[in-house]
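A short write-up of the structure that comes next.
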Amino acid sequence: MQAIQADVQVNFHYDVHFTTHLFDPENPLLSDVTTARAERLPARILFVVEEEVERLLDVRAAILAYCAKHSDTLTLVCPPLLLPGGEQVKNDPKHVVAVQEAVNETGLDRHSYLAVVGGGALLDTVGFAAATAHRGIRLLRIPTTTLGQNDSGVGVKNAINFFGKKNWVGTFAPAWAVINDFHFLTTQPDRVWREGIAEAVKVALIKDGDFFDFLEDQTDALAAREMAPMQELVYRCAALHVQHICTGGDAFEMGSSRPLDFGHWSAHKLEQITNYRLHHGEAVAIGLALDVTYSHLKGWLTENDCRRVLRVLSGLGFALHAPEMRGTDELFHGLREFREHLGGELTIQMLESLGVGFNVHEVDESLMAEAILLLERESRRFDGIGQPSPEDSRLELAAR
């Protein structure tokens, strides 16, 4: 008998919206999003809110008031569920179960909505619960952090950590919609405000040199928490991520190339070996600095371009090195885990110029170790605002 061959094509559609004060009863966006393709009204919806967001903004009261105002289009099935944020929510599967139990107890179905309000870690956790309950409930992502709004919130990954490995358990499932409310960013501490900027630097370095020029020009303004450049950063970064997902040819990472994970092979391991002392964006910034330095030592990237990147990262307030990098064996295990996560050939991005990344399939670990030592030395030369210290103004990196 001949094999039965089947090609299945599935089209996904989701919008990324931008607003301020989403839960103001006079703002129609949330109601419009849930009714745009509705099979029935009012739509049934369950909210999960990050505890820290609730503490800062009393979001649950705002949600109750909003749903009361829009009761003709929205039915809140129960008071919003509170969960922690940060990596702790991804490190314990009980939080996924808690969301699934709420879905079961409230009788949500595949035409209902599960809305999550919080940072990227909570978005990942609740997204995993939404994708697996009934094999898929409509997910509304409402990111509250820079990292969530410009990167993780607009992607198609939902995952939690397992076996001590980042994002080991998860799914690919696009959200029904993403709603970015810029007002949330004004409440974030400096560390969280800054964290997501690392992902903007990342995508600019591999895809858009003009965007990197913008980030370089606006470094001081971003560090000073000016909203206008941050809003442009979030929009341009989100657009580049969505463009790659939709047109890159491998939305669900079936192959071995993951350009959007530039700098992440070491970042994911750094999070783990620092016991998550480093937040994700902080680890990504170090990972970017490391791979940019390695790219220069290999002769692919000019010294001037390398210096520009390190200066921007330092000017934004990021450390360029972590003490845990000194013992390279554990860090280099991140290379093997990075390959094992997909299988196939090791494939990571490096830079040939600002805005142009390319795939490499092997890493010279001795040269990478040299890059780590150089980066530790160079990180001490910066004065914390992105400028070399007066006593040693040259970034001495010798390309090979």
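Before moving on, here are some points about what is shown:
- Selection of strands (runs of 3 or more DSSP E) fully inside region 117-217 by the criterion of at least 3 residues being buried (at least 23 other Cβ atoms within 10 Å of the Cβ) returns 138-143, 157-162, 177-181.
- Scan region 1-40 for residues that are closer than 21 Å to Val242 by Cβ and of a type in the set (Lys, Arg) and the total you get is 1.
- Scanning region 360-400 for residues that are acidic (Asp, Glu) and at pLDDT 75 or above gives Glu362, Asp364, Glu365, Glu370, Glu376, Glu378.
- Output for region 261-276, where each listed residue is in a helix (DSSP H, G or I), in contact with a strand residue (DSSP E or B) (Cβ under 8 Å, 6 or more places away or on another chain) and closer than 17 Å to Lys157 by Cβ: Asp261, Trp265, His268, Glu271
- Of all residue pairs spaced 6 or more apart or on separate chains, those with beta-carbon atoms under 8 Å, a first member in region 80-109 that is among the hydroxyl-bearing types (Ser, Thr, Tyr) and a second member that is surrounded by 15 or more Cβ atoms within 10 Å (Cβ to Cβ) are Thr106/Arg44; Thr106/Leu46; Thr106/Val77.
- Among the residues of region 205-232, those identified as in contact (Cβ under 8 Å) with a residue 40 or more places away in the chain, within 30 Å of Asn359 (Cα to Cα) and either polar (S, T, N, Q) or in contact with a Ser or Thr (Cβ under 8 Å, 6 or more places away or on another chain) (or both) are Gly209, Thr219, Met230.
- Residues in region 295-351 that are of a type in the set (Asp, Glu) and assigned to a helix (DSSP H, G or I) were compared, and the one that is surrounded by the most Cβ atoms within 10 Å (Cβ to Cβ) is Asp305.
- Number of residues in region 99-108 that are touching a helix residue (DSSP H, G or I) at 6+ places or on another chain (Cβ under 8 Å) and either modelled with pLDDT under 95 or in a helix (DSSP H, G or I) (or both) equals 4.
- Qualifying residue in region 71-89 (condition: surrounded by fewer than 18 Cβ atoms within 10 Å (Cβ to Cβ), among the polar types (S, T, N, Q), outside the structural domain of Asn275 (by TED's automatic domain parsing) and under 26 Å from Ala198 (Cα atoms)): yes
- Checking each residue in region 292-330 for being more than 23 Å from Gln218 (Cα to Cα), at pLDDT 95 or above and out of contact with any strand residue (DSSP E or B) (no Cβ under 6 Å at 6 or more places or on another chain) picks out Tyr294, His296, Leu297, Lys298, Gly299.
The values are calculated or read from the model by the stated rules, or taken from the named source; none is laboratory data. Note that the structure is predicted; figures quoted are calculated from it, not measured. A quick note on method: Cβ atoms are made from the backbone with ideal geometry, for glycine too, and the neighbour counts reach across all protein chains shown.
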